[in-house]
Amino acid sequence: MVITKRGLVLGATALASMAAVVTGAGIHLSQGQAFFKESPKELVDEVWQLIDREYVDGSFNETDWIEVRSEYLGRSYESQEDAYEAIREMLEQLEDPYTRFMDPQEFRNMQIDTSGELTGVGIQISQDEETEEIVVVAPIEQTPAFEAGVRPGDVITAIDGQSTEGMDLNQAVSLIRGPVNSQVTLTLRREDESIDFELTRAQIEIHPVRYSVKDGPEGTVGYIRLNQFSANAADEMREAIQALEERDVTGYVLDLRSNPGGLLYASIDIAEMWLESGTIVSTVDREGITDEEVAHNRALTDKPLVILVDGGSASASEILSGALQDNHRASLVGTKTFGKGLVQSVRGLADGSGVAVTIAKYLTPSGRDINKLGIEPDVVLELSDEQRDVLGEDLEKIGTAEDPQYVEALDVLGDVIRSGRQSISSAPEN
C-alpha cells in the first residue's frame, strides 16, 4: 500500500468517540493475501516487517529487532487472538504509545471518517509515556464529555469501575465507546481530587470550524475556532476566511485551544491560507531524510493574526501555530501546547486488523523539535480553575469578554494593527 502525505495522522491520541483517518478509503484483501487469514504466524511477521521497514527509530529503542523476530516466529500460535496478543507484546518493546496494533473491530473504528457522525462521549485521550496513565488531551466541543466538564489533563483512573492501571490505549477506547444512549462512568483524577463523571454516549456530528464577526479595539475582528484537523477542516476554514474577508474585518483571532490535532495535510492546507511564503513544516524519517513543506503564494489574507493555544493544542495544532509563529505571521497567546512532534501512518493488515506506526518526527520552520516540549506562546496567560469552570459550563462565553485569554488576544491584535498603521504612515514617499 502506498502511503501519501494525505494519509498521515498527526492526532496526539486515540479518540474515545472515534479514531484517526487511515491511509486510503478502505482495506481489501487480494487473492494473494488471503492465505494470511489462515496463518497467525504470518500476521506476526507482517507486523514485524512493517516496523522493520518504517519505524522512525532505527535502533528500535535500543532493541535487537532481529532477535525479536526470531523469538516471536519461534512460537506456536493456535489462533488469531494468540497472534494479536503477541503483536501487542512485541510492539510494547518499542515503548511508543503511538505505535499500536488494532484488531479488526478496532481497525474498523479507525476507518470512520472524521467528517462523519460519531458515537461516543467525545474525548481524545493519550497514554503518558512515563507513567502509562490514560490522560485526556481534549474534550470535543458540544459533546457529552465537554458539557459535563471533562478537562485537558484529567487522568482517567477507572472506566465503569475498572481500573486503568496497566491498560493500553486501545482497551480504554473500547471500554469508553458504546451504543448511543448507553451510560459510561469515567473516574478522573484532577490534581489531588477524584471525580466521577457519568456520561451518556451520543451520536456526534462534528463541524470543525465555526466563525463570527466581533467588535475589536480597532474595528471588527474575525473570530475562528478550529476544533480538529479533520478531512473537511480545510474546506470549512477556507469558507470562514472568505466570508470574513467580505465583511472587511481588521484582523483575526484563530482559536486552537483544546484542538487535539488530526491530519497532516489539513494542517498544511490551512497554513497556506495564512502564509504567503516560507517553510510550513519539515518531517524527518529515520534515515535523516527531510521532507519540507512550503507555502505557495496561496494566502487568503494578510491581515494581522493572533492564535489562542493551550495544553490541549496538540500535533497538527502545533504544526500550524509553530509555522505561523516562526514565520512571524502570528502571535500566540495562552499557555504551552501539548508537545507531540511525531507522525504516524495507519496500515491495514491482511486479516482486517491494522497497525499505526510512528514513521517520522516533525520540526517547525526554525528547526524546533517540540516533542514532549510543546510551543511556548508569545504572551502567556493561565486561566484559573474558576475561569475554566465558567467557560466549561457555558460554551457561549468562549471567545467573549468573559474569556480572559480571548480578551488578551484582542489586546495583542490591537497592538499589531496599530503598529502596522504606524509603519505605513512613517514610510518614506517615493
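Since every read-out is calculated from the coordinates, none of them should be taken as a lab result. As the structure is a computational prediction, the values presented were derived from the model and not from experiment. Backbone-built Cβ (ideal geometry, glycine too); neighbour counts: all protein chains shown.
Fully extending the segment from N371 to S70, taken as 0.36 nm per residue of separation minus the present Cα-Cα distance, adds 105.1 nm. Shown in residue order for region 47-52 are the 3J(HN,Hα) couplings computed by the Karplus curve 6.51 cos²θ - 1.76 cosθ + 1.60 at θ = phi - 60°: 5, 4, 5, 4, 4, 4 Hz (x for Gly and Pro). Of all DSSP-defined beta bridges confined to the chain, some 75% are antiparallel rather than parallel.
Across region 116-205, how large is the tail of the calculated P(r) beyond 17 Å, expressed as a percent of all Cα pairs?
Numbers: 1682 of 4005 pairs.
Taking all Cα-Cα pairs of region 116-205, the fraction more than 17 Å apart is 42 percent.
For region 257-394, taking Cα atoms only, Rg and Dmax work out to 16.3, 51 Å respectively. Normalising the average separation of contacting C-alpha pairs (under 8 angstrom, six or more residues apart) by the number of residues puts the relative contact order of the chain at 18 percent.
Roughly speaking, what is the stretch gain from V294 to E85, that is 0.36 nm per residue apart minus the C-alpha to C-alpha distance, in nm to one decimal?
Working: separation 209, 0.36 × 209 = 75.24 nm, distance 4.20 nm.
Using 0.36 nm per residue and subtracting the Cα-Cα distance, I get 71.0 nm.
Placing a pseudo-label 7 Å from each Cα along the Cα-to-Cβ vector at E205 and D415 gives an inter-label distance of 4.2 nm.
Which entries of K336/K361; K214/K336; K340/K397; K41/K340 have Cα-Cα distances beyond 31 Å here? Walk me through the intermediate numbers first.
Details: K336/K361 19 Å; K214/K336 26 Å; K340/K397 29 Å; K41/K340 33 Å.
Long pairs (Cα-Cα over 31 Å): K41/K340.
Per-residue Karplus couplings for region 337-342, computed as 6.51 cos²θ - 1.76 cosθ + 1.60 with θ equal to phi - 60°, are listed in order as 6, 5, x, 10, x, 10 Hz, Gly and Pro entered as x.
Compute the angle between helix 404-425 and the longest alpha-carbon principal axis of the chain, please, reported from 0 to 90 degrees and rounded to the nearest 10. Between the helix axis and the principal axis of the chain, the angle is about 50 degrees.
Once fully extended, how much extra length lies between E130 and V213, figured as 0.36 nm per residue of separation less the alpha-carbon to alpha-carbon distance? Intermediate results must be reported in sequence, preceding the final value.
Numbers: separation 83, 0.36 × 83 = 29.88 nm, distance 4.34 nm.
Extra length available between E130 and V213 comes to 25.5 nm.
Axis angle, to the nearest 10 degrees, between helix 264-274 and the longest C-alpha principal axis of the chain: 10 degrees. Site pair E382 and Q93 shows an inter-label distance of 4.3 nm when each label is modelled 7 Å from Cα along Cα→Cβ. A Cβ-based charge dipole, computed about the Cα centre of the chain with Lys and Arg at +1 and Asp and Glu at -1, lands at about 1160 debye.
Each Cα pair of the chain feeds into the Kirkwood radius, which the Stokes-Einstein equation turns, at 20 °C and 1.002 mPa s, into a diffusion coefficient of 95 µm²/s.
In terms of other Cβ atoms within 10 Å, S194, S76, S315 run from fewest to most in the order S76, S194, S315.
Taking the Cβ-Cβ separation of Q105 and Q162 as r and a Förster radius of 22 Å, what is the calculated FRET efficiency to the nearest 0.05? Intermediate values should be presented prior to the final figure.
Values: r = 19 Å, r/R0 = 0.85.
So the FRET efficiency works out to roughly 0.75.
Neighbour counting of Cβ atoms within 10 Å sorts the residues L395, L324, fewest neighbours leading, into L395, L324.
Helical runs assigned H by DSSP (4 residues or longer) give the chain a calculated mean residue ellipticity at 222 nm of -9000 deg cm²/dmol, each run adding -39500 (n - 2.57) before division by the residue total. Ordered by the number of other Cβ atoms lying within 10 Å of each residue's own Cβ, fewest first, E386, E218 fall into the sequence E386, E218.
Within region 359-404, the trypsin sites (Lys or Arg not before Pro) that combine a DSSP coil assignment with at most 14 other C-beta atoms in a 10 angstrom radius are K372.
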